[in-house]
Each structure stands twice: as structure tokens, then as C-alpha cells.
1. Solvent-accessible area per residue for the chain at a 1.4 Å probe radius, Å²?
2. For a quick size check, give me the Cα extents of the chain along its three principal axes, largest first, whole Å.
3. Please arrange R93, R51 by accessible surface area, largest first, computed with a 1.4 Å probe and ligands excluded.
4. Where does the chain land at 222 nm, in deg cm²/dmol rounded to the nearest 500, when only DSSP H runs of n ≥ 4 count, each adding -39500 (n - 2.57), divided by all residues?
5. What are the ³J(HN,Hα) values, in whole Hz, obtained from phi via the Karplus relation 6.51 cos²θ - 1.76 cosθ + 1.60 with θ = phi - 60°, for each residue of the range 20-32 in sequence order, with x given for Gly and Pro?
6. Multiply the residue separation of R23 and K47 by 0.36 nm, subtract the distance between their alpha-carbon atoms, and state the gained length in nm to one decimal.
7. Taking all protein chains as present, what is the carbon and sulfur share of the accessible area of the chain, in % to the nearest whole number, probe 1.4 Å?
8. How much net charge surrounds E61 when only the other residues with a Cβ under 14 Å from the Cβ of E61 are counted, with Lys and Arg +1 and Asp and Glu -1?
Amino acid sequence: MRIIDLAERALSRQVTITQAIGRMERAGLVRRRVPSGDRRSRCVYLKGRGRRAARQLATLERRHERAASRALGGAVSRKLKNALLRFIAAIERSILLDIS
């Protein structure tokens, strides 16, 4: 993924994401490459260690989501999840409008 795209998805500034990617690269989690079609941009790829860490985080996320669902009850949990997804989509749309 391009760093600018990561910044947009994280709702963060590009410089903040670039610094975080630098720390992750030094830790051996990711690597940066220059794509052949655009020498000005950089793409970030997970390395083996980063892929394993991502899988562990995804497992924890699913576990937390199930715990929240049990605590709130299924119907309330679904409503909350749908509201959050709509909220994220609205923010992404507003960011896209700001860019264009």
C-alpha cells in the first residue's frame, strides 16, 4: 500500500505515518519499495515478522469484538458496529472531498 493511502485510512498525517513506518522498518516488520510506475511514491509491504504480528492483532481484534458483543448483547452490538461503519465511511468521504 502507498504511504499516502495508509495515512488516509489511518486518518493521520503522512509525516506521522512515514515516521511510524520507519520505526516498523527498523524493527523488521515492513519494507518500503519504489513502485516501477511512480518513482515519487513509496509502497509498504509486510515482511514475515510483520505478517505474523498482523495475524496476532487480527486474532485479538476478533476476540475483543466477541467480548464486546457478549457484554452489549447481539442486537446492540450490531447497531453499534453499523453506526461505527457509517461514521468511518462519512469521514473517508469528507477526506476525499478535502483532497479533490
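1. 79 Å²
2. If we take the Cα atoms of the chain, the spans are 49, 37, 21 Å.
3. Values: R93 140, R51 110 Å².
I get R93, R51, largest accessible area first.
4. On the way: 4 runs with 71 residues, N = 100.
When only DSSP H runs of four or more count, the value is -24000 deg cm²/dmol.
5. 3J(HN,Hα) across the range 20-32, in whole Hz: 5, 5, x, 5, 5, 5, 5, 7, x, 8, 9, 9, 9.
6. On the way: separation 24, 0.36 × 24 = 8.64 nm, distance 1.37 nm.
Result: 7.3 nm gained on full extension.
7. Details: 4530 of 7880 Å².
It is 57 percent, rounded to a whole number.
8. Numbers: positive: R55, R62, R63, R66, K81; negative: E65.
It works out to a net charge of +4.
The values are calculated or read from the model by the stated rules, or taken from the named source; none is laboratory data. If you're wondering where the values come from, they're calculated on a predicted model, not measured in any experiment. Using ideal geometry, Cβ is built from the backbone for each residue, glycine included, and neighbour counts are taken over all protein chains shown. The area values use the complete protein model at the heavy-atom level, side chains included, leaving out ligands, DNA and RNA. Shrake-Rupley method; radii C 1.70, N 1.55, O 1.52, S 1.80 Å.
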